[in-house]
Structures are given as C-alpha cells and as structure tokens.
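As structure tokens, the structure follows; a few thoughts come after it.
The values are calculated or read from the model by the stated rules, or taken from the named source; none is laboratory data. None of these values were measured; they are calculated from a predicted model. All Cβ positions, even for glycine, are placed from backbone atoms using ideal geometry, and neighbour counts span all protein chains on display.
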Amino acid sequence: MSASIRSEGVSHAAAESGGHASTGDPLLAVEDLAVHFFARSGLLRRVGSRLRAVDGVSLSLAAGETLGLVGESGCGKSTTALAIMRLVQPTSGRIVFNGRDLAGYSRAQLRDVRRGIQMVFQDPHASLNPRLRVGASIAEPLQIHGNGDRAAVRTRVVELLEMVGLDRVHADRFPHQFSGGQLQRVGIARALALDPQLLVLDEPVSALDVSIQAQVITLLQDLQAELGLAYLFISHDLSVVRHVCDRVAVMYLGRIVEQGDRASIYRRPSHPYTQSLLSAVPRPDPRRRGATGRIVLTGDLPTAVDPPSGCRFRTRCWKAEQLCAEDSPELVDRLGEGTLSACHFAETLTFDHKL
C-alpha cells in the first residue's frame, strides 16, 4: 500500500476500529425507495405494464462500514445502486447522504454531492472509454470539478495509480492493454479521485478470475482501513460477501427480506429465502456435506411486472399460508435477536458451515 494514501476526514473512531466506525447518524439512509419502469409508446406517453424493479427498499450505512446487498439476478440490487447514485430516477422514497436528501436534487446539485459518493461498476471494460488513455480517464473527474491545474492533476493521477498497485507508466496506456484485474484497479482509482466517503461497488469482482478476485478484495479492504471508506457491496456471491461485509441485506424481487449483522445472517438466518440460499452453498469439507439439508424451492417464479400479493416470496415458500397472500410482512425484528426479517413465520435455522 502506497504511503501517499490520503487520510483526511477519517474519524478517530474509524481509525481505531480499522475503518469501521458506526456511531452517530448514518452516512447513507435509504427509506422506502421505489424504482418503477414502464413500457413506452411514442416520446411522451407511458403505457403498458409497470415493472417494479425496486419496491420499498430501506437500508442504512455508517461511516467506515461495509453493507452487503445480496440476492439472485434480477432482484433489483443493481437498480438500487443506480438509484442511490441518481443514475436512474427514483419513483419514490428518500436517499439521504450526509444529511441531504438526494431524491429531489437537480443535476447541478448532484455534481457537488458526487464528490462524496462514487461507484465502481461490474465490467471494467465497459466502464472505461476505450479511446482514452487510463490516465485521462482517472483525471476526468478532477478536471470536471476543477481540482488543480494540469501539473497537479497529473501528480494526483500518479498517486492514485500507485494507491491501487499500478505504476505511473500505466497512465499512458489504453484500456485494451490491461488485464481485467488491472482495469478494475483503474476503475477503483478513478472512483477515489475526489476523496469520496462512500463507494458503491456493483459486483466489483464477479467478472474476474478467482485468484484476481482475492487481490482486488484485499486492495479494497486496505483502502477502507487507510481512508475510512464506507462500502455498499453488491454481489450474488455469498462467500465474498461474508468475507468483506459487516452487515448483510438480502433482497428478493425488489424488496429487502432480511437484514442483520454478518454472523447472524450466515449462522442463524430467519427468512426462508435466506435459508434456501445458504443451504445451496457447497461445503468445502466432503465429510460435512449433507449435514444441513438442501432446501429446494418449488412453485412459480414470479416477475417484477406482476408480483404476488402479500409476501413476494410466498409462491416459492414451504411455510406460506393464507395470511402471506393477504398481508405483506414488514421488515422488523420478529425474534428479538437484532435481525430484521420480512416473514410472518420467521424462525431461525442454524448453519454451521463456513463459506
């Protein structure tokens, strides 16, 4: 890790806890967020079906903390991230960052806010302009926000490259001259250019080889410890999430169904969907395979265009009763153990395996 990493703004609590401060008001608070899309006809008229990609998501993130957002493909994880970044327009709800509600902010107002919140995308090849040298891509946010003259920007670009484990000579190369892991490091460097407090990481290692994934994850953890960064870490890989996250939120069909600290979610999940996900994780020790039975989901797989009434998971749930069709369960602490669960019949199931 380069000694040039900046640490201004890191709280004393974050420094003492290795970058995981959790006191005071949350850095990010998302309240009842909804993002709906419509089939369109013509330029102005909205017609056809409504797709409820995100439908009532609430979560919070403290300074220096890592929150994992997990779920199967199509559940709305990435749309939630894009809405938080205001790269898609929320239909309703609040997005409060550093005490400011971003949901109604104009593009001009968001420009200043984006100094504090940046995003790292899943595919580094798609997120970088192939016609720009990577040094120019990293310099772009600095130039847009007027951070120094040409010499100062060049110095900062070199500093950022070294911060993520690359060399100054890489600044003059084009994206096609890098491996996937190197390009993701470039994406991280660009995201760090304006000294943000929060990084939204959308599947940041899923497109990389397993050995490279470990290197990038280690880099992210080192940066967090040095800079006091908060991470919203979006992934479908339960093993990666367990390794890097302090808390975990499980998402299904546009809603959070369970949320709690990492140990509680992985050892004693209470929502049937979370239990089914964890039961499907292969055990590395062949002697312990089958110790916890596999939960195989049956029933209809619903869509966000026509979600089930009541509980979204009821059409695949072995516990479902008539109440589940009539009443949508709230995300609350039903068992008094600190874990929030959106299930009328929440009941813990103990898992003793390590991912």
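Just a few scattered comments:
- Among the residues of segment 134-178, those identified as charged (D, E, K, R) and over 18 Å from residue 118 (Cβ atoms) are 149, 150, 154, 162, 167, 168, 172, 173.
- Residues within segment 59-79 that are in contact (Cβ under 8 Å) with a residue 40 or more places away in the chain, within 22 Å of residue 116 (Cα to Cα) and under 13 Å from the mean Cα position of the chain (by Cα), tallied: 10
- Meets criteria (over 20 Å from the mean Cα position of the chain (by Cα), without any contact (Cβ under 8 Å) to a residue 40 or more places away in the chain and within 25 Å of residue 206 (Cα to Cα)) for residue 104: no
- Filtered residues of segment 230-244 (kept if surrounded by fewer than 21 Cβ atoms within 10 Å (Cβ to Cβ) and within 16 Å of residue 72 (Cβ to Cβ)): 236, 237, 238, 239
- Candidate set: segment 151-196, residues that are out of contact with any strand residue (DSSP E or B) (no Cβ under 9 Å at 6 or more places or on another chain) and of a type in the set (Val, Ile, Thr); chosen: the one farthest from residue 138 (Cα to Cα): 169
- Filter result for the condition that a residue is within 30 Å of residue 128 (Cα to Cα) and modelled with pLDDT of 95 or more, over 260, 228: 228
- Number of residues in segment 140-169 that are touching a residue at least 24 places away in the same chain (Cβ under 8 Å) and basic (Lys, Arg) equals 1.
- Test: residue in segment 162-185 that is within 21 Å of the chain's Cα centre (by Cα) and among the small types (Gly, Ala, Ser): yes
- Scope segment 225-241; condition under 17 Å from residue 190 (Cβ atoms) and either in a helix (DSSP H, G or I) or without any contact (Cβ under 8 Å) to a residue 24 or more places away in the chain (or both); matching residues: 227
- The requirement of being at pLDDT below 95 and assigned to a loop (DSSP other than H, G, I, E, B) is fulfilled somewhere in segment 33-43, by at least one residue.
- No other residue among 51, 132, 67 is touching a strand residue (DSSP E or B) at 6+ places or on another chain (Cβ under 6 Å), in the same structural domain as residue 164 (by TED's automatic domain parsing) and under 29 Å from residue 186 (Cβ atoms) apart from 67.
- Segment 190-211: number of residues that are surrounded by 18 or more Cβ atoms within 10 Å (Cβ to Cβ) and over 20 Å from residue 62 (Cα atoms): 7
- Some residue of segment 197-220 being touching a strand residue (DSSP E or B) at 6+ places or on another chain (Cβ under 8 Å), of a type in the set (Asp, Glu), in contact (Cβ under 8 Å) with a residue 24 or more places away in the chain and within 25 Å of residue 65 (Cα to Cα): yes
- Scan segment 184-215 for residues that are hydrophobic (A, V, I, L, M, F, W, C), part of a helix (DSSP H, G or I) and modelled with pLDDT under 95 and the total you get is 3.
- Long-range neighbours under 7 Å by Cβ, at least six apart or interchain, first residue more than 17 Å from residue 344 (Cβ to Cβ) within segment 270-283, second among the small types (Gly, Ala, Ser): 279/293
- Residue 307 passes every criterion in (1) closer than 13 Å to residue 258 by Cβ; (2) surrounded by fewer than 19 Cβ atoms within 10 Å (Cβ to Cβ) apart from (1).
- Failed item, numbered, when residue 171 is tested on (1) assigned by TED's automatic domain parsing to the domain that holds residue 95; (2) within 24 Å of residue 32 (Cβ to Cβ); (3) surrounded by fewer than 22 Cβ atoms within 10 Å (Cβ to Cβ): (2)
Each row is one residue, and each column tells you yes or no for (1) in the same structural domain as residue 121 (by TED's automatic domain parsing); (2) within 25 Å of the chain's Cα centre (by Cα); (3) among the aromatic types (Phe, Trp, Tyr).
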position	(1), (2), (3)
233	yes, yes, yes
256	no, yes, no
267	no, yes, no
273	no, yes, yes
277	no, yes, no
303	no, yes, no
